[in-house]
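The values are calculated or read from the model by the stated rules, or taken from the named source; none is laboratory data. In this text the structure is predicted, and so the values were computed from the model without any measurement. We place every Cβ from the backbone using ideal geometry, glycine too, and count neighbours over all the protein chains shown.
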Amino acid sequence: MSAHATENIDASRQSAVAQALRAFLPEAAVLFSAEDVKPYECDGLSAFRQVPMVVALPENEAHAQRVLQTCHRLQVPVVPRGAGTGLSGGALPLGNGVLLSLAKLMRIIEIDPHARTARVQPGVRNLAISEATAAHGLYYAPDPSSQIACSIGGNVAENSGGMHCLKYGLTVHNVLKLRAYTVEGELVEIGSDSLDAAGYDLLALLTGSEGLLAVITEVTVKLLPKPERAQCVLAAFDDVAKAGQAVANIIAAGIIPAGLEMMDRITTGAVEPFVNAGYPLDAEAILLCESDGNTEEVTDEIERMKAVMQQSGATEVRVSQSEAERHRFWAGRKAAFPAAGRVSPDYYCMDGTIPKRALPRVLKAIAELSQEYGLRCMNVFHAGDGNLHPLILYDANQPGELERTERFGAAILRLSIDVGGTITGEHGVGVEKIDSMCDQFRAPELEMFHAVKRAFDDTGLLNPGKAVPTLHRCAEMGRMHVHAGQEKFPDIPRF
């Protein structure tokens, strides 16, 4: 799939929708001039662009509800948007629709230090929750690389993870309750202030639903006490496959690190001049493996981590000796995506997830694909849970390079499926991976997804054309649940 061609906007339709929204929204909160809507043409996946017909900027929950009611009455598609940091095109607008930005709903409603919860609006930044609760010795665990900018509503929509999701889980494991509105503007409250609620687990269903089922207007998150101590082990390897095997060995040893991340040589070379973390630039790959807890637990776990790294062939093992050094180690990992701009005009970030035992051979296969497609690839990812983030480096100004990049990316996703994994771990499907859904799921499974969609939105107005492909689309491509590469990995069982 290549970048979307711009849809022609129906001027009379645009005027009617804008007028209907301005009946209850301030004039400045309804944008439709070309200059005003241009900044909303894409999210973090900038290869896909479309100028929206109208942008609505509600200032409170009641406004958001009325936007939905108005669009439903006028039969106008609605695309919800958070901070716009998503990487799968989930917030790509429609030329005949309203982009519903929730950026102004950014109030922290309540912090309960005794229950260890916080109630927040969807526009609250991920990092702002931890900043606001630090005085109580608490923090919010999921920490995507974009946490300084990404919003909690977007995190829920994509089920985001982060560097510490191996031990503390994804967004779905750290949310207790949601307030949301259907496309008709009806309020639904999902979850509970306690750890469980009666009935079907709709909380898990809405978390990661990519804006297809409802628009989230309030989130109750779980908070954790700050650990007494944290240290990070940096291990260098002269071979990427060895580093991949070391990850499997760590988990096999019964160690569940607070974070376990990997970067290859291209990545460390890109980020080191930017953060001065002290990475060994001659290493083919480095692992960052963190332990947190009380002092005794951390001391013991660090020694066990060091032993496994050395037994796995590490050429150097270093342990952070201060909080400043630990933060420097992680600063490079968090800066990996923007640092890609230092070595390439453009990059395309993939998001497959694989069984940890398959890491060495998958990394080798990605290197072979890099040679085949003639494109460099930075490997940086959540190694502990097998969530790959290969950054394919390309130049959009070179004819054919984006298309070749997309084929390379699709091959990585098929590879992930072939070894028993999946096409996404935390970035979502959006428009980027919608064709790859045809590779992973059978027709009955896709139809069940559509049935869930119809149960919430039988008009199909909420974020249409995202995440779940039609059966007709899959049949047209001849890609209905095909796993052509399985023979490459016969010793890895399918799930």
**Report entry** Where a residue in segment 263-290 is free of Cβ contacts under 8 Å to residues at least 40 places away in the same chain and its partner, wherever it lies, is surrounded by fewer than 24 Cβ atoms within 10 Å (Cβ to Cβ) and among the small types (Gly, Ala, Ser), with Cβ under 6 Å and at least six apart
**Finding:** 281/269
Query raised in the report: Within the bounds of segment 304-319, is there any residue that is over 28 Å from residue 227 (Cα atoms), assigned by TED's automatic domain parsing to the domain that holds residue 431 and small (Gly, Ala, Ser)?
Result: no
Report task. Look through 204, 214, 230 and report the one residue that is within 23 Å of residue 127 (Cβ to Cβ), small (Gly, Ala, Ser) and at pLDDT 95 or above. Result -> 230
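Residues checked against (1) in contact (Cβ under 8 Å) with a residue 40 or more places away in the chain; (2) touching an Asp or Glu at 6+ places or on another chain (Cβ under 7 Å):
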{"position": "86", "(1), (2)": "yes, yes"}
{"position": "89", "(1), (2)": "yes, yes"}
{"position": "102", "(1), (2)": "yes, no"}
{"position": "119", "(1), (2)": "yes, yes"}
{"position": "127", "(1), (2)": "no, no"}
{"position": "132", "(1), (2)": "no, no"}
Query - Set 52, 58: member being buried (at least 23 other Cβ atoms within 10 Å of the Cβ), in contact with a Pro (Cβ under 9 Å, 6 or more places away or on another chain), of a type outside the set (D, E, K, R) and closer than 18 Å to residue 211 by Cα - result: 52
**Report entry** Among (1) under 20 Å from the mean Cα position of the chain (by Cα); (2) closer than 27 Å to residue 258 by Cβ; (3) not acidic (Asp, Glu) - the single one residue 216 does not satisfy
**Finding:** (2)
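Residue-wise test of (1) at pLDDT below 95; (2) β-branched (Val, Ile, Thr); (3) over 22 Å from residue 110 (Cα atoms).
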residue: 137; (1), (2), (3): no, no, no
residue: 142; (1), (2), (3): no, no, no
residue: 145; (1), (2), (3): yes, no, yes
residue: 164; (1), (2), (3): yes, no, yes
residue: 177; (1), (2), (3): no, no, no
residue: 183; (1), (2), (3): no, yes, yes
residue: 192; (1), (2), (3): yes, no, no
residue: 195; (1), (2), (3): yes, no, no
residue: 199; (1), (2), (3): yes, no, yes
Query raised in the report: If you check 253, 270, 339, 331, which single one turns out to be farther than 16 Å from residue 234 by Cα and surrounded by fewer than 16 Cβ atoms within 10 Å (Cβ to Cβ)?
Result: 253
Report summary line: In the set 449, 456, the lone residue that is over 30 Å from residue 360 (Cα atoms), of a type in the set (Phe, Trp, Tyr) and touching a Leu at 6+ places or on another chain (Cβ under 7 Å) is 456
Query raised in the report: In segment 291-309, what residues are more than 16 Å from residue 232 (Cβ to Cβ) and in contact (Cβ under 8 Å) with a residue 24 or more places away in the chain?
Result: 294
Query raised in the report: Which of the residues spanning segment 181-196 are among the β-branched types (Val, Ile, Thr) and more than 16 Å from residue 75 (Cα to Cα)?
Result: 188, 190
Report summary line: Taking segment 252-272 and keeping residues under 26 Å from the mean Cα position of the chain (by Cα) and assigned to a helix (DSSP H, G or I) leaves 265, 266, 267, 268, 269, 270, 271, 272
Report summary line: Listed by first then second residue, the pairs whose first member lies in segment 13-28 and is closer than 16 Å to residue 101 by Cβ and in a helix (DSSP H, G or I), whose partner is at pLDDT 95 or above and of a type in the set (Ser, Thr, Tyr), with beta carbons under 9 Å and at least 6 positions apart or on separate chains, are 17/70; 21/70
Query raised in the report: Which number in (1) touching a helix residue (DSSP H, G or I) at 6+ places or on another chain (Cβ under 7 Å); (2) surrounded by fewer than 24 Cβ atoms within 10 Å (Cβ to Cβ) marks the one condition that residue 103 misses?
Result: (1)
Query - Condition check for residue 115: more than 22 Å from the chain's Cα centre (by Cα), assigned by TED's automatic domain parsing to the domain that holds residue 178 and without any contact (Cβ under 8 Å) to a residue 12 or more places away in the chain - result: no
Report task. Consider residue 206 carefully, then state whether it is surrounded by 19 or more Cβ atoms within 10 Å (Cβ to Cβ), free of Cβ contacts under 8 Å to residues at least 60 places away in the same chain and among the aliphatic types (A, V, I, L, M). Result -> yes
**Report entry** Subset of segment 372-387 [charged (D, E, K, R) and part of a helix (DSSP H, G or I)]
**Finding:** 372, 385
Report task. Scan segment 209-235 residue by residue and report those that are of a type in the set (D, E, K, R) and buried (at least 18 other Cβ atoms within 10 Å of the Cβ). Result -> 210, 218, 222
Report task. Show the residue pairs that are 6+ apart or on different chains and have beta-carbon atoms under 7 Å apart, the first residue being within segment 52-68 and within 24 Å of residue 34 (Cα to Cα), the second being polar (S, T, N, Q) and part of a helix (DSSP H, G or I). Result -> 53/14; 54/14
Query - Some residue of segment 350-361 being modelled with pLDDT under 95, of a type in the set (Lys, Arg) and either closer than 24 Å to residue 282 by Cα or surrounded by fewer than 16 Cβ atoms within 10 Å (Cβ to Cβ) (or both) - result: yes
